[in-house]
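Student: I have a structure here, written as structure tokens, and I will follow up with some questions on it.
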Amino acid sequence: MRQLRRLACCLLVAPALAWAAERAPAPLPDATAIDAEVARLMSATQSKGLALAVIDGGQIAYVHAYGLRNAAGDPLRDDTIMYGASLTKAVFAYTVMQLVEEGVLDLDTPISRYLPKPLPEYTDNKGYGPYQDLAGDERWRQLTARHLLTHRSGFGNFAFLEPDGKLRFHFDPGTRYAYSGEGLILLQFVLERGLGLDVGQEMQKRSFDRFGMTRTSMKWRDDFAGNLADGWTQQGEAVPHDERGRVRAAGSMDTSIADMARFAAGYVRGEGLSAQGAAELRRPQAPITTASQFPTLQDELPPAQRRADLAAGLGIVVFNGPQGAGFYKGGHDDSTGNTWVCVQRSQRCVVLLGNDVRSENAFPALVRFVLGETGVPFAWEYGARTFVD
């Protein structure tokens, strides 16, 4: 799609027309302007590859890919397979909310009620957490799906990052925010071992198939190999794409910018959920009390220094800015930088997939160029770093 769609409405009543004009969002930049801005920012950041999608009024308005997909010089395309990283968490939460609405799972029921035996007794859990490490600490019984989807489990990001590689609680479940992929993996474990579901299949039918995301999967597919994005690190080193063979709710999704545009549009419209279910995903669930997202277990700020406009949603972060309520989700590894930002009232979004992690330095400027000032908390997301203006 090379042209931005323009929304027009004919209102016959003069007062209604005046009201609509007052509330109408500012026009979006056209395709030529977006292309020029992306080129400028890619040059400034030395990014090799970046893909962009724009959603307007809950509909896909523009999708385009820029630069290279690999060191051989093949072009990045809008159907090129790129690593979704932690954008996976938002898709997983959307899938879980469908299960909640069907009565399969309750967000506030302790996970202990879904498991046939105590969590620490599971030792045949390769691919999940070392839950036997929790033996003797009964706080695992307090955990709920809501805690796990809002990063309030009490765990660090992953057990393998602990100095001794062991899983432990750093605070009581539900008492504060601290980013934890381990929490999402535990919820996947509960769905699979406790409820007998296949999370990969559930995400396929409830998310990927629903939105026609034919180039998206929770694990590697051989047909991806012919049009696949490698990545570049901060040092400009090319890194081959990781062919992930295991479903990981915290971040195994491969996708394309065209597919993520389909998901973002459907998500912001609330498709597949009741109005209440869609609102539940995006409402402020719990305050965020730290100065930045990482390190995940940093001290909380004094109450007077905390951001009142920032909170955890289910699988996303929600914020309030000049255009009203919004939400976003980032995704990152050593050679990948992704973000997805939406404004709820206008149902406008920008999705950015970078197969060069240096692209992240351009995200604030590029989101602002397309959407205007939204208030998305990039300084909290990325911490102290220099962004390109």
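Quick note: the coordinates plus some simple rules give every number you see, no bench work behind them. In this text, all values refer to a predicted model and were calculated from it rather than measured experimentally. Cβ coordinates were reconstructed from backbone atoms using ideal geometry, including for glycine residues, and neighbour counts include every protein chain displayed.
Student: What whole-number distance in Å separates the alpha-carbon centres of the range 315-389 and the range 76-103?
Tutor: Taking the Cα centre of each part, the range 315-389 and the range 76-103 sit 17 Å apart.
Student: Shifting gears a bit: What 222 nm value per residue comes from the helices of the chain, counting each DSSP H run with n ≥ 4 as -39,500 (n - 2.57) and dividing by all residues, nearest 500 deg cm²/dmol?
Tutor: -7000 deg cm²/dmol
Student: When the convex hull of the Cα atoms of the range 234-287 is projected onto a plane and the area is averaged over all directions, what value comes out in nm²?
Tutor: 6.6 nm²
Student: Still on this structure, please answer the following. Under 8 Å for C-alpha pairs, at least 6 residues apart: give me the relative contact order for the chain, rounded to a whole percent.
Tutor: 23 percent
Student: Turning to a different aspect of this structure: List the GluC sites (Glu not before Pro) within the range 56-147 that fall in a DSSP loop (any state other than H, G, I, E or B) and whose Cβ has at most 12 other Cβ atoms within 10 Å.
Tutor: 102
Student: Beyond 20 Å, what share of the Cα-Cα pairs of the range 39-191 remains, rounded to the nearest whole percent?
Tutor: 60 percent
Student: Now a separate question. If I take every Cα pair under 8 Å that is 6 or more residues apart in the range 276-389, average their sequence separation and divide by the length, what percent do I get for the relative contact order?
Tutor: That works out to 23 percent.
Student: Mind pulling the angle between the C-alpha long axis of helix 87-101 and the longest principal axis of the chain? Nearest 10 degrees, somewhere in 0 to 90.
Tutor: The helix 87-101 is inclined about 70 degrees to the chain.
Student: For the range 234-247, take each phi angle, set θ = phi - 60°, evaluate the Karplus expression 6.51 cos²θ - 1.76 cosθ + 1.60, and give the result in whole Hz per residue in order, putting x for glycine and proline.
Tutor: 4, 8, x, 8, 6, 10, x, 5, 7, 7, 6, x, 10, 5
Student: What Kirkwood hydrodynamic radius do you get for the range 128-185 when you take the inverse of the mean 1/r over all pairs of distinct Cα atoms, in Å?
Tutor: 11.1 Å
Student: With springs only between Cα atoms under 10 Å apart, run a GNM on the chain and tell me which of 359, 43, 256 wobbles the most.
Tutor: In the Gaussian network model the winner is 43.
Student: A further question follows. May I ask for the percentage of alpha-carbon pairs in the chain that lie more than 42 Å from each other?
Tutor: The share of Cα pairs beyond 42 Å in the chain comes to 10 percent.
Student: Let me ask another. Can you pull the three principal axis extents for the Cα set of the range 106-157, in Å, largest first?
Tutor: 26, 25, 21
Student: Could I ask something else about it? Pairs of Cα atoms under 8 Å, at least six residues apart: use those to get the relative contact order of the range 117-201, whole percent.
Tutor: Here the relative contact order equals 27 percent.
Student: How big is D for the range 142-236, in µm² s⁻¹ as a whole number, if Stokes-Einstein is applied with the Kirkwood radius of its Cα pairs at 20 °C and 1.002 mPa s?
Tutor: 135 µm²/s
Student: Among 199, 350, 54, determine the one that fluctuates most according to a GNM of the chain built with springs between C-alpha atoms less than 10 Å apart.
Tutor: Evaluated over the chain, the most mobile residue of the options is 199.
Student: May I have the convex hull volume per residue, in Å³, for the Cα set of the range 168-300?
Tutor: Convex hull volume per residue, Cα atoms: 172 Å³.
Student: Sticking with this one: Taking the range 313-389, which GluC sites (Glu not before Pro) meet the DSSP loop condition and have no more than 12 other C-beta atoms within 10 Å?
Tutor: 373
Student: Suppose every Lys and Arg Cβ carries +1 and every Asp and Glu Cβ carries -1, with no other charges. What dipole size does the chain come out with about its Cα centre, to the nearest 20 debye?
Tutor: 740 debye
Student: Most mobile of 235, 347, 46 per a Gaussian network model of the chain (Cα springs, under 10 Å)?
Tutor: In this elastic network of the chain, the residue with the biggest mean-square fluctuation among 235, 347, 46 is 235.
Student: Something else about it: Which ³J(HN,Hα) values, rounded to whole Hz and listed in residue order, are derived for the range 64-80 from phi using the Karplus coefficients 6.51, -1.76 and 1.60 in 6.51 cos²θ - 1.76 cosθ + 1.60 with θ = phi - 60°, glycine and proline given as x?
Tutor: 7, 10, 10, x, 10, 9, 7, 5, 6, x, 5, x, 6, 10, 6, 10, 5
Student: Further question on the same structure: Hey, how many Å between the Cα centroid of the range 259-309 and the Cα centroid of the range 48-71?
Tutor: Between the Cα centre of the range 259-309 and that of the range 48-71, the gap is 23 Å.
Student: Something else about it: Residues with amide H under 5 Å of residue 78's amide H, sequence separation 5 or more or different chain, H placed in the peptide plane at 1.01 Å from N; which?
Tutor: Here the answer is 65, since their amide H atoms fall under 5 Å of that of residue 78.
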